[in-house]
Amino acid sequence: MSERKSVLVTGATRGIGRAIAEELAGDWHVVVGGRRPDAVHALVESLPSAEPFIADVLDGDALVAAAVPITELDALVPCAGQTTLGRIAELTPEQWRAEFELNVIAPAQLTRLLLPALRARSGHVVFINSGGGFHTRGNDACYSASKRALIAVADGLRAEEAGVVRVTSIHPGKVDTDMQVAMQAELGNPYEPERYLRPHDVARTVRLALTMDPGAVIDMLSVRPTR
């Protein structure tokens, strides 16, 4: 590994995660997290300094096996997530559990596994949250509840690791990604990409958080489309 600072980005092969990996690639060593080896290796090969982190974040054993070899890490950006739409009257327990498994439990457990490596480098965790963590609309309670729970994870970690590991929670509005395309199709809405943030808009907020001087931290940052 080079002398660059190292950052692990999960969900790095598409959407916001990929934009973050590409944004930081110029001066960071990027540990590319994903569950598809072909996509992970393709991105690693396209970046100037990178290595793979291949694991399904929902597979506890695979996550441990991938995380244990990492002994020093400057930053962690958990970015993998999903959106489940539906009215509370119709959502099943399985849908609620799946949403919380990926959006809350997976980033919390990955953080737990990598805390020793982050502490060794006075590192930084940047959680990719959502505007849905602040506001809940109809058909969106499952997703919004998971993102509000992720706020609690970030707040608790910040209090527990104060002075050792910095913690930031980024809250984008709607972003032009494949997930957004699928969500608008499910809602029966026409897709107008100009109404949404670009993934690289979010990536730049991550860079801002990571480049603050050591004596300062952005606890929480909201970025929204102008429309």
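The values are calculated or read from the model by the stated rules, or taken from the named source; none is laboratory data. For clarity, every value in this text was computed on a predicted model and none was experimentally measured. Note that each Cβ is placed from the backbone with ideal geometry, even for glycine, and that neighbours are counted across all protein chains shown. Heads up: the accessible areas ignore ligands, DNA and RNA and are worked out on the full protein's heavy atoms, side chains in. Shrake-Rupley method; radii C 1.70, N 1.55, O 1.52, S 1.80 Å.
Note on ALA159 and ARG137: their simple-model spin labels are 3.2 nm apart, each label 7 Å out from Cα toward Cβ. Summing charges over all other residues whose Cβ lies under 15 Å from the Cβ of LEU91, with Lys and Arg as +1 and Asp and Glu as -1, gives -3.
Evaluate the charge dipole of region 1-111 about its Cα centre and quote only its size in Debye, nearest 20, assuming +1 on the Cβ of each Lys and Arg and -1 on the Cβ of each Asp and Glu. Walk me through the numbers on the way to the answer.
Values: 8 positive and 16 negative charges, 44 e Å.
The dipole of region 1-111 has a size of about 220 debye.
The order of the peptides 40-46, 189-195, 79-85, 64-70 by mean Cβ neighbours within 10 Å, most packed first, is 79-85, 40-46, 64-70, 189-195. Charge dipole (Cα centre; +1 on Lys/Arg Cβ, -1 on Asp/Glu Cβ; no other charges) of region 7-48 amounts to roughly 240 debye. Set against the labelled values (i) 52, 18, 14; (ii) 42, 18, 17; (iii) 27, 19, 18, semi-axes √(5λ) of the Cα gyration tensor in Å computed from this structure falls on (iii). Put a dot 7 Å past the Cα of ASP56, heading toward its Cβ, do the same for ARG198, and the two dots end up 3.5 nm apart.
Where the only charges are on Cβ atoms (+1 Lys, Arg; -1 Asp, Glu), what is the dipole of region 108-188 about its Cα centre, to the nearest 20 debye? Write down the numbers at each step before the final one.
Numbers: 9 positive and 7 negative charges, 63 e Å.
For this selection, approximately 300 debye.
With a simple spin-label model that places each label point 7 Å from the Cα along the Cα-to-Cβ direction, the separation between ASP178 and ARG112 comes to 3.0 nm.
Each other residue within a Cβ distance under 15 Å of GLY173 adds +1 if Lys or Arg and -1 if Asp or Glu, for a net charge of +3. The length gained by stretching the chain between GLU94 and SER46 to full extension, at 0.36 nm per residue less their Cα-Cα distance, is 13.5 nm.
Farthest toward the positive end of the dipole of region 137-205, out of SER144, ALA182, ALA159, is the Cα of ALA159, where the dipole comes from beta carbon charges about the Cα centre. The amide H of MET220, built 1.01 Å from its N in the peptide plane, has SER169 as neighbours under 5 Å, considering only residues 5 or more places off or on other chains. Taking the protein heavy atoms of the chain in the context of the full set of protein chains, the accessible area attributed to carbon and sulfur is 51 percent at 1.4 Å. Taking region 25-59 and a reference point 7 angstrom along Cα→Cβ of LYS5, the backbone N atoms nearer than 14 Å belong to 25-31.
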